[in-house]
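The structure appears right after this line, and notes come after that.
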Amino acid sequence: MPLTFHWFLPTSGDSRHVVGGGHGTAVTTAGGVRAPSVPYLGQIARAAEHLGFTGALTPTGAWCEDAWLTTAMVSQHTERLKFLVAFRPGFLSPTLAAQMAATYQRQTGGRLLLNVVTGGESAEQRAYGDFLDKDARYARTGEFLTIVRRLWQGDTVDHTGDHLRVERARLTRGPDPVPEVYFGGSSPLALEIAARQVDVYLTWGEPPAQVAEKIAAVRARAAAHGRTPRFGIRLHVITRDTTEAAWSEAARLLDGFDPDTVRAVQEGLGRSESEGQRRMLDLHGGRRDNLEIHPNLWAGIGLVRGGAGTALVGSHTEVAERIEEYHRLGIDEFVLSGYPHLEEAYWFGEGVLPLLARRGLWHHPDAAAGPAPARAEIRFAPAS
């Protein structure tokens with residue numbers, strides 16, 4: 001199966017520095033922020049489409065613009081690119097969500113993917129009127145997906161569960177195609193929902209050994225239900241023509257992390273109920289040293305940003321090799337981002353994707369376009 005690559009729409013703003021915070025903490029940046037306007041996000045989306053990305057993830061939360069509305073507008077500036085819309089089931093009725101997805105598919109020509117986010121910060125959930133605890137939120141997510149999938153199949157649904165109830169629910173017109181459901185989570189409850197309900201299980205960018213454990217756990221649970229989900233990973237990227245240039249850029253970003261900001265963000269993220277967030281924090285422990293936790297895998301982003309906190313850093317060849325390493329574990333989809341998102345899309349799209357195409361691991365979705373020629377990498381001999 002060829003690899004699939006998605007990019008990211010920075011709906012909390014973009015910058016030449018890391019736009020941090022989120023996941024229950026305030027948005028921060030060391031430099032000027034490019035506003036997440038439709039024209040600017042449209043530039044990123046068109047660049048991603050041109051370079052060969054299949055879709056673009058758009059996050060959800062109080063710290064960013066609404067994903068449904070933003071992508072509906074940005075979709076009108078693109079032709080092929082799909083939109084991986086993150087949303088929280090507790091904020092929408094399942095019938096309305098199923099209807100919105102069907103409308104989205106008709107109005108965009110089938111370009112919706114759904115990223116279901118249960119929510120790991122109770123304080124933020126309560127701000128939206130959701131007072132369930134974490135375990136109950138996951139149970140509700142399972143009920144939600146059961147109802148939505150039945151509606152998409154054309155069923156008339158009666159459901160009385162612990163958290164959701166609908167009577168004679170049905171869609172006048174179903175989605176075509178049915179959107180694929182992406183989902184992430186590291187707790188046992190999350191793994192069980194993934195095994196039963198989702199098309200693609202997403203993990204944040206942990207070292208390969210830890211990713212392999214997650215894949216094995218979901219596969220085993222899914223096999224018990226006769227299912228075979230696909231697997232994806234969420235990472236940032238810093239890829240350059242040389243190893244030295246890539247790590248120099250990582251060092252520049254790190255230099256922009258104010259110590260007080262790091263402490264404030266780490267304290268806020270430490271209160272998160274998310275098991276995945278805890279695992280991200282454990283990768284760096286709030287320290288600025290020893291951040292390369294696996295060859296070319298850098299945990300520095302997680303010092304100031306909630307959620308995905310690791311980046312692949314290196315030459316184009318090295319980044320391609322790390323992608324192959326994750327692929328050998330069973331990862332077929334990569335959801336990537338970088339600062340700033342417009343320029344970094346070109347570094348990856350022109351530097352790494354052609355290398356993967358030459359290795360037979362990827363092809364441009366627009367077959368007529370074909371892969372861009374690979375950048376020539378410059379390698380320096382070590383000083384004598």
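Just so you know, all these numbers are worked out from the coordinates, no wet-lab data involved. Since the structure is predicted, the reported quantities are computational estimates derived from the model, not experimental observations. Here the Cβ positions follow ideal geometry from the backbone for every residue, glycine too, while neighbour counts run over all protein chains shown.
Side notes on the structure shown:
- Pairs of Cα atoms nearer than 8 Å and 6+ residues apart set the relative contact order; for the chain it is 20 percent.
- Think of it as helices only: each DSSP H run of n ≥ 4 in the chain is worth -39500 (n - 2.57), and spread over all residues that comes to -12500 deg cm²/dmol at 222 nm.
- Within the chain: Cβ-based charge dipole about Cα centre, in debye rounded to nearest 20 (Lys, Arg +1; Asp, Glu -1): 740 debye
- Rounded FRET efficiency, nearest 0.05, which uses the C-beta distance separating ARG149 from ARG252 and R0 of 30 Å: 0.05
- Since only GLY55, HIS159, LEU269 are under comparison, the one whose Cα sits farthest along the positive direction of the charge dipole of the chain, derived from C-beta charges on Lys, Arg, Asp and Glu, is HIS159.
- Working note: Karplus 6.51/-1.76/1.60 with θ = phi - 60° gives segment 208-213 the couplings x, 4, 6, 4, 4, 5 Hz, where Gly and Pro are set to x.
- Derived scalar couplings ³J(HN,Hα) [segment 65-77; Karplus, 6.51 cos²θ - 1.76 cosθ + 1.60; whole Hz; x for Gly, Pro]: 5, 4, 6, 4, 5, 5, 5, 4, 6, 5, 4, 6, 9
- Formal net charge of residues neighbouring ALA48 (Cβ-Cβ distance under 15 Å; K, R +1; D, E -1): -4
- Between segment 128-183 and segment 48-104, the alpha-carbon centres lie 18 Å apart.
- Most mobile of LEU303, LEU92, LEU235 in a GNM of the chain (Cα contacts under 10 Å): LEU92
- Under 5 Å between amide hydrogens, built in the peptide plane, is the criterion, and for PHE334 it picks out THR4, PHE5, HIS6, ILE233 among residues at least 5 positions away or on other chains.
- Amide H partners (placed H, <5 Å) of VAL27, local residues excluded: GLY22
- Tilt relative to the chain, helix 134-152 - C-alpha long axis, 0 to 90 degrees, to 10: 70 degrees
- The chain: angle of helix 259-270 to the longest principal axis, Cα-based, in degrees nearest 10: 30 degrees
- Once both labels are positioned 7 Å from their Cα atoms along Cα-to-Cβ, the gap between ASP66 and ALA367 label points is 4.0 nm.
- 3J(HN,Hα) from dihedral phi, segment 308-320, Karplus parametrisation 6.51/-1.76/1.60, rounded to Hz, x for glycine, proline: 4, x, 10, 10, 7, 10, x, 5, 4, 5, 5, 5, 4
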